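Input: a single structure, listed below in structure tokens.
The values are calculated or read from the model by the stated rules, or taken from the named source; none is laboratory data. Keep in mind the model is a prediction, meaning the values are calculated, not measured. Cβ: placed from backbone, ideal geometry, glycine included. Neighbour counts: every protein chain shown. Please note that ligands, DNA and RNA were not included when accessible areas were found on the heavy atoms of the full protein model with its side chains. Shrake-Rupley method; radii C 1.70, N 1.55, O 1.52, S 1.80 Å.
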Amino acid sequence: MRTTRVLAASAAAAALVGVAAPTAAAWDQPSSVTAAPNVIARGGQLVLTVKGGDACATAGSTISSNAFPTTNLASMGGTTATAKVRVNSDASPGSYSVTTHCEGERKTFTGVFTVIGGVRGGLGGGSSTGATTTDIAIGGGLVTAAVVGGGVFWMRRRSENKA
């Protein structure tokens with residue numbers, strides 16, 4: 001009877017260790033990656049923060065994406081690491097994932113930040129490369145109206161001065 005209890009207790013202990021071991025190993029990997037700002041224009045700089053687990057707080061840990069080159073992570077103490085990256089100037093607009101490489105393990109996080117296209121300043125965000133014939137006709141009409149109106153005003157003032 002005693003042997004059965006000892007065997008049952010040993011089996012239960014072994015099962016608990018077997019279940020807890022993979023869970024403990026998973027805790028070493030990061031649980032989240034955040035970007036500040038999370039919406040950025042091409043060529044902009046952002047700060048990525050990796051949280052959870054202490055694997056990425058060790059030397060040699062990196063973070064990478066299609067939008068920027070592989071960059072080393074710097075430990076911030078505890079279970080947090082950061083990296084400052086510059087988004088490629090030719091990155092396509094859209095949502096980007098990042099991949100951490102910590103202690104030989106890779107983990108990908110999707111939709112961490114979004115790259116937006118640049119705005120052509122001074123053109124109201126337009127994409128045309130010059131004035132159209134309609135624009136020229138409207139501008140020419142406005143200039144003509146201003147010249148005629150100015151001439152009429154000047155002629156009336158001149159005739160009033162003679163009287």
The range 74-91 - residue that is assigned to a loop (DSSP other than H, G, I, E, B) and at pLDDT 90 or above and, of those, most open to solvent (accessible area, probe 1.4 Å)
N88
So if I check each of S95, S64, which one is surrounded by 15 or more Cβ atoms within 10 Å (Cβ to Cβ) and in a strand (DSSP E or B)?
S64
